[in-house]
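Here's the structure we're looking at; comments come further down.
What follows is calculated from the coordinates using simple rules that are stated; it is not laboratory data. Remember, it's a predicted structure, so these values are computed and weren't measured experimentally. Cβ placement follows ideal geometry from the backbone for every residue including glycine, while neighbour counts extend to all protein chains displayed.
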Amino acid sequence: MFTVLTERWAIAPWLRSSIAIGFFGAYTTFSTLMLESYRLGSDREVGLAALNVLGSCAVGMLAVYLGIVAGRAM
């Protein structure tokens, strides 16, 4: 996809970087979370799989909250 954005379409460099880093980076991170959780479930470690998903979501929400608080304090 990045090749299409850089070689075929006339898109501003800042937008190309935002798409490549933001979207694709988030997608691969989420895919890794789900793959690791699936593998834990496949190994009959259902509790750890659930803890992995729920813990990751909880920590992510905490990070968003702290980021908003820090941004408003600036």
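Brief remarks on what is shown
- C-alpha long axis of helix 25-42 to longest principal axis of the chain, angle in °: 20 degrees
- Where the alpha-carbon atoms of the range 2-73 are placed on the principal axes, they occupy 49, 38, 7 Å, in descending order.
- With Cα atoms, 0 to 90° folded angle of helix 46-73 axis to the chain main axis: 50 degrees
- Of the chymotrypsin sites (Phe, Trp or Tyr not before Pro) found in the chain, those in coil by DSSP whose Cβ has at most 14 other Cβ atoms within 10 Å are Trp9.
- For the chain, leaving out every one of the trypsin sites (Lys or Arg not before Pro) that falls in a DSSP loop and has at most 11 other Cβ atoms within 10 Å, the longest unbroken run is 9-43.
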